[in-house]
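Chemist: The structure under discussion is supplied below as structure tokens; questions concerning it will follow.
No value in this document is a laboratory result; all are computed from the given coordinates. Everything numeric in this text was worked out from a predicted model, so none of it was measured. Ideal geometry is used to build each Cβ from the backbone, glycine not excepted, and the neighbour counts take in all protein chains shown.
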Ligand SMILES: Nc1ncnc2[nH]cnc12
Ligand SMILES: [Zn+2]
């Protein structure tokens, strides 16, 4: 059982945290037919490309600052009830533009939700702006320039998500340079839908302190050693990986092997209801299915706080709370 353990999360896409029941409420509110993406109370998708389309369709159901405030508040409150002290949500200001409210209103809504959850439960939250790989490097640079203005205090990092099999990380190096110069923390989705070379690509061209997923580094022993030696933190999401068939089952998942090799690993939910998981369940899987001890799991939570994109005073306070 892990209910008694404190928890921290570095990797959850906020639109991907919307439960189907909430998506249905939003669909009714905006008179949208969601029969193609929700069946019997669950999201419907067949493979990664289809998942991304389903994700975008769900994101389209959140259209106002208030919608985003409620989504963030509901998600973080649920995390806090499960003993979570810290959460970084991955956000996409490009989406604010797509739905017409603009990036600022989108981030204002999410910030309000984070603050409301903190006021109620004490959970600390931050936002990581993501570039969308399949939208290409030009759009990415625009988004990075926007992130670099740092107008929203809770934005502390930059990520690259989307279709990993498109483009090379070098194409996004300028966007990451802009973010690094602005003092944002850097992380990149790699080693999820593409192999070890993709993780190497991210490390060589951007040198992020964290890799989102990174689990397919296991295909290359030298790379695993490099990750361990350089102290790169892996935001692993086992439930997501099994759901997307990156690995056929938890017994084949490399979390244990990466941990044993000395890699700094953390537990995350990615897009919880899409993958029939939650942060609490990821902790349970690590404990009950993968056999990690409470001490080992607490070590992962500590790693998450050590690698969090927060100011040092907040980090010290969070570490003391563990
Ligand atoms: N697991 C994932 N990988 C890449 N991009 C994503 N966007 C939302 N979830 C994602
Ligand atoms: Zn992700």
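Chemist: Once the Cα gyration tensor of the chain is found, what semi-axes does its equivalent ellipsoid get, as square roots of 5 times the eigenvalues, in whole Å, sorted largest first?
Modeler: They are 26, 22, 21 Å, listed largest first.
Chemist: I would also like to ask the following. With Rg and the Kirkwood Rh both taken from Cα atoms, where does Rg over Rh land for segment 71-184?
Modeler: 1.00
Chemist: Please report the equivalent ellipsoid semi-axes of segment 1-135, computed as sqrt(5 x eigenvalue) of the Cα gyration tensor, largest first, in whole Å.
Modeler: Here the semi-axes work out to 24, 18, 15 Å.
Chemist: To continue, here is another question. Using just the helices of the chain, give the 222 nm mean residue ellipticity in deg cm²/dmol: DSSP H runs with n ≥ 4 each add -39,500 (n - 2.57), and the total is spread over all residues, rounded to 500.
Modeler: -14000 deg cm²/dmol
Chemist: Ratio of alpha-carbon Rg to the 2.2 N^0.38 Å globular estimate for segment 187-289, to two decimals, please.
Modeler: For segment 187-289, the normalised Cα radius of gyration comes out at 0.98.
Chemist: Related question: Suppose the chain between residue 170 and residue 35 were pulled fully straight at 0.36 nm per residue; how much longer would it get relative to their current alpha carbon spacing?
Modeler: Answer, rounded to one decimal: 44.7 nm.
Chemist: Still on this structure, I have one more. Suppose we keep just the DSSP beta bridges with both residues in the chain; what percent of those would be antiparallel, to 5?
Modeler: If we restrict to bridges inside the chain, about 5 percent are antiparallel.
Chemist: So how far, in whole Å, is the C-alpha centre of segment 162-207 from the one of segment 24-53?
Modeler: 29
Chemist: Report relative contact order for the chain in percent, whole number only (criteria: Cα-Cα under 8 Å, sequence separation at least 6).
Modeler: 19
Chemist: Cα-Cα pairs above 18 Å in segment 40-109: how many percent?
Modeler: 50
Chemist: If you stretched the chain out fully between residue 276 and residue 42, how much longer would it get, using 0.36 nm times the residue separation minus the C-alpha to C-alpha distance?
Modeler: 83.4 nm
Chemist: Related question: Going by Cα centres, segment 54-125 and segment 307-322 are how many Å apart?
Modeler: When both Cα centres are located, 21 Å separates them.
Chemist: Compute the convex hull volume of the Cα atoms of segment 279-322, divide it by the residue count, and report the result per residue in Å³ as a whole number.
Modeler: 69
Chemist: Evaluate the relative contact order of segment 176-322 (contact order divided by residue number), counting alpha-carbon pairs under 8 angstrom at least 6 apart; express in whole percent.
Modeler: Relative CO of segment 176-322 lands at 18 percent.
Chemist: Oh, and also: When all C-alpha to C-alpha distances in segment 101-146 are sorted into bins of 10 Å, what percent of pairs does each bin hold, rounded to whole numbers?
Modeler: 24, 39, 26, 11
Chemist: Over segment 59-197, what is the relative contact order in percent, taking alpha-carbon pairs closer than 8 angstrom and at least six residues apart?
Modeler: Result for segment 59-197 is 22 percent.
Chemist: Next up: For a protection proxy built on the mean count of beta-carbon atoms within 10 angstrom, sort 71-78, 125-132, 95-102 highest first, please.
Modeler: So the peptides 71-78, 125-132, 95-102, ranked by packing, come out 125-132, 71-78, 95-102.
Chemist: Can you sort 62, 172 so the residue with the fewest Cβ neighbours within 10 Å comes first?
Modeler: Placing the least packed residue first, the sequence is 172, 62.
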